[in-house]
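As structure tokens, the structure follows; a few thoughts come after it.
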Amino acid sequence: MAAGIDDIAIYVPELYVDTNDFAKARDVDIDKLQKGLGIYQMAMVDNNQDPACLAANAALKIMKRNDISPGDVGRLYISTESSFDESKAMNAYIIGMLEQIYGDGTFAHCGGVETKFACVSGSYALYDNVNWIRAGEADGSYALVVVSDIAKYELGSSGEMTQGAGAVAMLLNDTPRLLSFDPRVTATSIRDEYDFYRPFGKDTPIVHGQYSNILYLIQVRKALELYKEKVLSTGLIKLRSDETILDHIDYLNMHLPYSAMGRKALAYLVRHEWRQLPRWRGIVERMGMEEPLPDDAPGTIEAMLKDPDFIKKDGAFNHRLMETPEFVDIYEKKLASSLVASRMIGNLYTASLYLGFRSSLEYEHRKGIDLAGKRVGFGSYGSGSSAMVFSGVILDRYKEVLKNMHFQSDIEKRRKLTLEEYEMLHRGQMPVSEAILPGAEGFVLSDVDKTNGERSYVYNP
Ligand code: HMG
């Protein structure tokens, strides 16, 4: 049975920080932010918004747009790493908000859970729900998977320049219009790690930034290796001797903690895939630098970390590779469009990969390319750490969905925060009743009870 994404909708909060202001305030070179990391603006939540109301806004948007009633939705899953409750799952909050619109008890049948594994948990939720549909359990109904996060780092930390906030809602079913997932090829890699984590009671993570970058690259590559084995053994893809798996993936979407990470990850995967091809020797010769390869265990985290000099040389080689016409070609054709939205929004943790997918669809469509039949690869990464690689094919009816996508109008109403306002919001110094945009459209928090922590939400039409 086919299963895939029927529609995808984003919710972006109406406030943002501009990196020109941020760079001045933190005395960071603006080129590091914009050229080095690829960040121009970072979306911020108002004082009366939490990840549950971002998620409910994205869910309501997709339901209204498709004229869906609660009875049509069989499961509602939420994936987040910005949870505010150790026990009550966030999907219960979302259902509470949606029932303000659709009526009390209208979602009573609609089970689901909140899933957690840093940024990769949305991909696990998607996979589980796709399999629920494939198993015939959905009985024609939709699964609604929402990924929602507030990426918040300590003030003054190096992670602070990679913040963002927002939610993506994905409607899944057995007759999708947008994308059908390839069966039996989803591949994962997992290992107990401390690259980025948020112990109980802390509202910002503990981050080993450079280590997290390297782990991301290695875990995604390992998952890609397994994906490759699966697509070859299932016969989904057949490789000629002068080809790699990347030749059979028309578009790549990577997890985007900042947009430049997508490009860096593509370069790393390209190196590992192209190294075995006849074309590689010529590219390396033209680059004028031999590829640094640790002798004992190429590509393992142990081999890389024990030699800082190696990491430096490896980075320099990657930079040179990114300037070659061969890399620029694959980057422009397969990845560049997925980075557009991330530059203006920042890290959305669980939602970053799917914001990238949504961005790729819209900006590739605008080039006038017929997307039907194109294979899309996904490289999902979550700290702690796990990666998932999977793929799908764009379907003939995709244009019916794409006509609703206008990223510029999704962000045009946003208001720029001053650095003082941003820091005040970050420190949580204002009561919920004192939002920067008190009447903003959609679900917002109206109260958090000081004695028992109960949250109340209202809908502003
Ligand atoms: P940093 O160490 O201060 O930055 O923080 P840097 O020195 O690595 O510089 C960043 C880039 O800017 C480099 O590019 C520099 O060369 C360049 P690269 O060499 O890597 O290609 N640069 C410049 N370019 C032009 N002009 C200049 C200039 N100066 C420097 N003047 C870091 C960067 C990402 C480590 C930090 O922001 C951080 O810790 N962020 C949070 C952690 C993170 O985002 N990690 C990413 C991988 S882990 C992940 O994705 C999971 C995550 O989403 C969480 C989850 O799973 O839940 C984070």
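The values are calculated or read from the model by the stated rules, or taken from the named source; none is laboratory data. Note that the structure is predicted; figures quoted are calculated from it, not measured. Virtual Cβ from ideal backbone geometry, glycine too; neighbours counted across all protein chains shown. Remember, those area values only see protein heavy atoms, side chains included, never the ligands or the DNA or RNA. Shrake-Rupley method; radii C 1.70, N 1.55, O 1.52, S 1.80 Å.
Structure data summary
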quantity	calculated
The range 261-276 - residue that is open to solvent by 10 Å² or more (accessible area, probe 1.4 Å) and over 20 Å from R375 (Cα atoms) and, of those, modelled with the lowest pLDDT	Q276
Selected residue (only one of L98, L60, L76, L126 is out of contact with any strand residue (DSSP E or B) (no Cβ under 8 Å at 6 or more places or on another chain), open to solvent by less than 50 Å² (accessible area, probe 1.4 Å) and not small (G, A, S))	L98
Scan of the range 182-221 for residues that are among the acidic types (D, E) and either away from the ligand (no atom under 14 Å from the Cβ) or open to solvent by 30 Å² or more (accessible area, probe 1.4 Å) (or both), ordered by number	D182, D192, D203
Every residue from the range 111-123 that is surrounded by fewer than 21 Cβ atoms within 10 Å (Cβ to Cβ) and more than 16 Å from the ligand (Cβ to nearest atom)	G111, V113
Test: residue in the range 66-76 that is away from the ligand (no atom under 16 Å from the Cβ) and within 30 Å of K416 (Cα to Cα)	no
Condition check for S157: out of contact with any Leu (no Cβ under 8 Å at 6 or more places or on another chain), within 30 Å of L232 (Cα to Cα) and within 16 Å of the ligand (Cβ to nearest atom)	no
Top-ranked residue in the range 436-461 [being within 18 Å of M90 (Cβ to Cβ) and among the small types (G, A, S); ranked as least open to solvent (accessible area, probe 1.4 Å)]	G442
Residue identified as under 24 Å from F196 (Cα atoms) and part of a helix (DSSP H, G or I) among L54, L98, L60	L54
Options L348, L417, L355, L339; residue that is away from the ligand (no atom under 16 Å from the Cβ), open to solvent by less than 30 Å² (accessible area, probe 1.4 Å), among the aliphatic types (A, V, I, L, M) and within 30 Å of E14 (Cβ to Cβ)	L417
In the range 422-435, the residues that are under 18 Å from Q41 (Cβ atoms) and crowded, with 18+ Cβ neighbours inside 10 Å	Y422, L425, H426
Selection count where residues are free of Cβ contacts under 8 Å to residues at least 60 places away in the same chain and either within 10 Å of the ligand (Cβ to nearest atom) or open to solvent by 10 Å² or more (accessible area, probe 1.4 Å) (or both), scope the range 237-260	7
Residue match in the range 130-144 (condition: closer than 26 Å to E14 by Cβ, open to solvent by less than 30 Å² (accessible area, probe 1.4 Å) and at pLDDT 95 or above)	yes
All positions within the range 225-236 that are in a helix (DSSP H, G or I) and either among the polar types (S, T, N, Q) or open to solvent by 10 Å² or more (accessible area, probe 1.4 Å) (or both)	E225, L226, K228, E229, K230, L232, S233
Spans of strands (runs of 3 or more DSSP E) in the range 352-461 with at least 2 residues more than 30 Å from R191 (Cα to Cα) and not aliphatic (A, V, I, L, M)	442-448, 455-460
